[in-house]
1. Would you tally the residues in region 1-38 being surrounded by 14 or more Cβ atoms within 10 Å (Cβ to Cβ) and at pLDDT 95 or above?
2. Of all the helices (runs of 4 or more DSSP H) wholly in region 215-278, which have at least 2 residues that are among the β-branched types (V, I, T), open to solvent by 40 Å² or more (accessible area, probe 1.4 Å) and away from the ligand (no atom under 11 Å from the Cβ)?
3. For residues that are within 27 Å of P228 (Cβ to Cβ) and more than 8 Å from the ligand (Cβ to nearest atom), scanning just region 169-202, find the one that is surrounded by the fewest Cβ atoms within 10 Å (Cβ to Cβ).
4. So which residues in region 88-125 are exposed (fewer than 15 other Cβ atoms within 10 Å of the Cβ), at positive phi and within 13 Å of the ligand (Cβ to nearest atom), if there are any at all?
5. Would region 258-269 turn up any residue that is farther than 16 Å from S192 by Cα and acidic (D, E)?
6. Mind checking whether some residue in region 68-78 is loosely packed, with under 14 Cβ neighbours inside 10 Å and at pLDDT 95 or above?
7. Would you tally the residues in region 133-156 being open to solvent by less than 50 Å² (accessible area, probe 1.4 Å) and either away from the ligand (no atom under 16 Å from the Cβ) or not assigned by TED's automatic domain parsing to the domain that holds G74 (or both)?
8. Can you tell me how many residues within region 157-168 are away from the ligand (no atom under 12 Å from the Cβ) and either of a type outside the set (S, T, N, Q) or surrounded by 18 or more Cβ atoms within 10 Å (Cβ to Cβ) (or both)?
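The values are calculated or read from the model by the stated rules, or taken from the named source; none is laboratory data. This one's a predicted model, so the numbers in the text were calculated from it and none came from an experiment. Here the Cβ positions follow ideal geometry from the backbone for every residue, glycine too, while neighbour counts run over all protein chains shown. The accessibility values were calculated without ligands, DNA or RNA, using every heavy atom of the protein model including side chains. Shrake-Rupley method; radii C 1.70, N 1.55, O 1.52, S 1.80 Å.
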Amino acid sequence: MGLLFARSFVLVTALLVLCLLLPCHAKLSTKFYAKTCPNVESIVRAVMAPAVAAEPRMGASIIRLFFHDCFVNGCDASILLDDTPTLTGEKNAGANANSVRGYEVIDAIKTRVEAACKATVSCADIVALAARDAVNLLRGPTWKVPLGRKDSRTASQSAANANLPGPGSSAASLVAAFAAKGLSAREMTALSGAHTVGRVRCLFFRGRIYGEPNINATFAAARQRTCPQTGGDSNLAPFDDQTPDTFDNAYYTNLVAQRGLMHSDQELFNGGSQDGLVRKYSGNAKIFAGDFAKAMVKMGGLLPAAGTPTEVRLNCRMLN
Ligand code: HEM
């Protein structure tokens, strides 16, 4: 017993010394709230299930919210902060304004979680759990979510503008944007499979359906019916017109059939480095589901830089 204690003491001391020398992130754990908020996962699911049942697109919106949180200085709920006279948040960044949805659902979860476990569970962890549930509620895979993130005390509209890839991106710039976050081209292609659910505004795919050669003609004609050459910028179309609210591998079968909706989507199957992987995912839903789950966990491990001030916010929209 004494020896065991001495060994643990040496190990903890060594870790502490290491943390002083190198950036040391709090380690995430699937059991992080096992003692302090054992029901957090069932509370999140209990809010997400009716929200997605009432409006399946909400599942897609929450998945995207998680991506847009994690890509801007880590998964720290920075995207949830409302603008104030002294804080310019990320909600009005180019990729988020009038586009990212689901803030009210996160608020509803937070209210229930706070009632059960006061000042314990971060908004960033709630978003990570909600995104996992969204995928699964849309009949996609599930996975265990490592927890223990903290909420930021800052936000960065400029980082949101710089880091979130746009719909006109080339394959090379998509690979680069994900590499900048430590994610491989394979992980980028797997994560893009989230575009098997959700909706896109006409302004983001107009150029493709009227101008690009590598598009299925029937598909382009169908999309043109609700996305005119002028006007109708906000008209919505599903990424996947066969199973728009099912989290399956149809994104990839669509790409192989030149039915990718945005330019950036079809870039993943256009004679480039990701073609083989897109074919593999299109032919094997299980491999896609496994890779997607792993990549979501990895993206969820993006944390703010060491030394960034953080807290567990009481209201996800504002600092404590
Ligand atoms: C690879 C680069 C990506 C680009 C260029 C991109 C771009 C976009 C754009 C432009 C929209 C439509 C926004 C609008 O109409 O207002 C969208 C929607 C969406 N994105 Fe992405 N995205 C990318 C990657 C991802 C990733 C990694 C995820 C999640 C893991 C994701 C999940 C979604 C979802 C689910 C929607 C539909 C949201 C809804 O219906 O509310 N995207 N994306």
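1. Within region 1-38, residues that are surrounded by 14 or more Cβ atoms within 10 Å (Cβ to Cβ) and at pLDDT 95 or above number 5.
2. Helices (runs of 4 or more DSSP H) meeting the threshold: 250-256.
3. By that ranking, first place goes to S170.
4. Of everything in region 88-125, just one residue is exposed (fewer than 15 other Cβ atoms within 10 Å of the Cβ), at positive phi and within 13 Å of the ligand (Cβ to nearest atom), namely N98.
5. no
6. The answer is no; no qualifying residue exists.
7. So the count comes out to 8.
8. 4
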